[in-house]
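For reference, the structure discussed in these notes is given below.
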Amino acid sequence: MNHNSVIDRYCVMGNPVEHSKSPWIHARFAQLTGQALHYGKRLVPLHGFAASLRDFIDSSDGAAKGCNVTVPFKFEAFALAQHVSERAALAGAANTLSFSSSGIHADNTDGAGLVRDIELNAGVKLAGKRLLLLGAGGAAAGVLGPLLHTGLTQITVANRTLFKAQQLVQRHAALATNGTLVACTLADVQGRFDVVVNATSTSLSGENLALPANLLQRGALAYDMMYGPAAQGFLDWARALGAEPRDGLGMLVEQAAEAFFIWRGVRPPSAQVLQELRAL
Ligand code: ATR
């Protein structure tokens, strides 16, 4: 708690935001680490992100220390910040903002959250493996940089619209060694992969995936960045092909843990909180 006993305030800003699990996750993190803070949620009008953010900061008497940003404001959050981390710059989007006397700091913890969930919670080490990333929109852009830092030997970005996959790959070319990062369409995926990550915005199922069936290594990890019904079609498709399915609930908890660490300097017990969340 700071000297004037005002509790530090955080929130998640989005539209929709009603069903966000972030307030529960951060309250649990705070409880388990003994941090005094309040974490709420703010429904932001579709054209009102800047005003809403200003209001959160200005109306809190200095207690507002940061916020998470979710759909569809991650790009705007990035553009509004005075300071941006390298990973936010690569993604062109921010999911975590911190406020200080020098302004708004933007970061993006989505990629770190995905990598930590795959490596720590699912127990799959990415170094030396081949990964297929499906999609080239905001969700894919948010995770490609951190994936490139894991020592994967191959990352193929496959997207319905080839041009967008090529653009995303081009933007990350400096992080990749020759030939390890390639772009293609969904139908043109070549080779076999140890990990497939679905970062498309639809709940893809077998019929509308239009992917070659033989692209999964035996026992491959099939990861959907969404959870609940939205992830079901893709995970069912992968399971039927003998892959190990995993939804994005762990990524949600781990990106929150990374944000919590940025704000509080403490790592919460994220694996425990993920277990608790699954049991709810
Ligand atoms: P997000 O922020 O969730 O990534 P987005 O930026 O609109 O949302 O990107 C959506 C992604 O899902 C894109 O990769 C999109 O493919 P296109 O670039 O070809 O549009 C992909 N996507 C959406 N609907 C799809 C479908 N029915 N089949 C395949 N890919 C789809």
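Distance between the pseudo-spin-label points of ARG171 and ALA36 (7 Å out from Cα toward the beta carbon): 4.2 nm.
For the chain, a Gaussian network of Cα nodes joined below 10 Å ranks LEU131, LEU211, LEU221 by mean-square fluctuation, and the top entry is LEU211. State the Cα centre-to-centre distance between region 235-251 and region 55-79 in whole Å. When both Cα centres are located, 33 Å separates them. In this structure the amide hydrogen of ILE104, modeled in the peptide plane, comes within under 5 Å of the amide hydrogens of GLN82, HIS83, none closer than 5 places in sequence on its chain. Counting only protein heavy atoms, what percent of the accessible surface of the chain is carbon or sulfur at a 1.4 Å probe? The value for the chain is 53 percent carbon and sulfur by accessible area. Taking every protein chain into account, the accessible area of the chain amounts to 45 square angstrom per residue (probe 1.4 Å). Take the cross-link list LYS21/LYS164; LYS21/LYS41; LYS41/LYS65; LYS21/LYS74 and give me the ones stretching past 21 Å between alpha-carbons. Those over the limit are LYS21/LYS164. Among GLY62, GLY142, GLY113, the residue with the largest mean-square fluctuation in a Gaussian network model of the chain, with springs joining Cα atoms closer than 10 Å, is GLY62. For region 1-110, the set of GluC sites (Glu not before Pro) satisfying both a DSSP loop assignment and a count of at most 11 other C-beta atoms within 10 Å is given as GLU18. Between the Cα long axis of helix 22-33 and the first principal axis of the chain there is an angle of about 70°, rounded to the nearest 10.
Round to the nearest 0.05 the FRET efficiency obtained for ARG218 and THR185 when R0 = 25 Å and r is the Cβ-Cβ distance. So the FRET efficiency works out to roughly 0.50. If you look at the Cα atoms of region 73-207, you get an Rg and a Dmax of 15.2, 52 Å. Cross-link candidates for LYS129: which aspartates and glutamates have Cα within less than 17 Å, leaving aside residues fewer than 8 places away along the same chain? Cα-Cα hits under 17 Å: ASP117, GLU119, ASP194, GLU244.
Build a GNM of the chain with springs between Cα atoms under 10 Å apart, and of GLY111, GLY103, GLY66 the one that fluctuates most is GLY103. Between the C-alpha center of region 119-148 and that of region 33-49 there is a gap of 28 Å.
Compute the angle between helix 49-58 and the longest alpha-carbon principal axis of the chain, please, reported from 0 to 90 degrees and rounded to the nearest 10. Approximately 40 degrees, to the nearest 10. Each residue of region 169-183 was assigned a 3J(HN,Hα) from its phi angle through the Karplus expression (A = 6.51, B = -1.76, C = 1.60, θ = phi - 60°), giving 5, 4, 5, 9, 4, 5, 8, 10, 7, 3, x, 7, 10, 10, 10 Hz with x at Gly and Pro.
Axis angle, to the nearest 10 degrees, between helix 249-264 and the longest C-alpha principal axis of the chain: 40 degrees.
Within the chain, antiparallel bridges make up roughly 20 percent of the DSSP beta bridges whose residues both belong there.
The values are calculated or read from the model by the stated rules, or taken from the named source; none is laboratory data. Computed from a prediction, not measured in an experiment: that's the story for all the values here. Glycine gets a Cβ as well: all are built from the backbone with ideal geometry, and neighbour counts include every protein chain shown. In case anyone asks, the SASA skips ligands and DNA or RNA and just uses the protein heavy atoms, side chains included. Shrake-Rupley method; radii C 1.70, N 1.55, O 1.52, S 1.80 Å.
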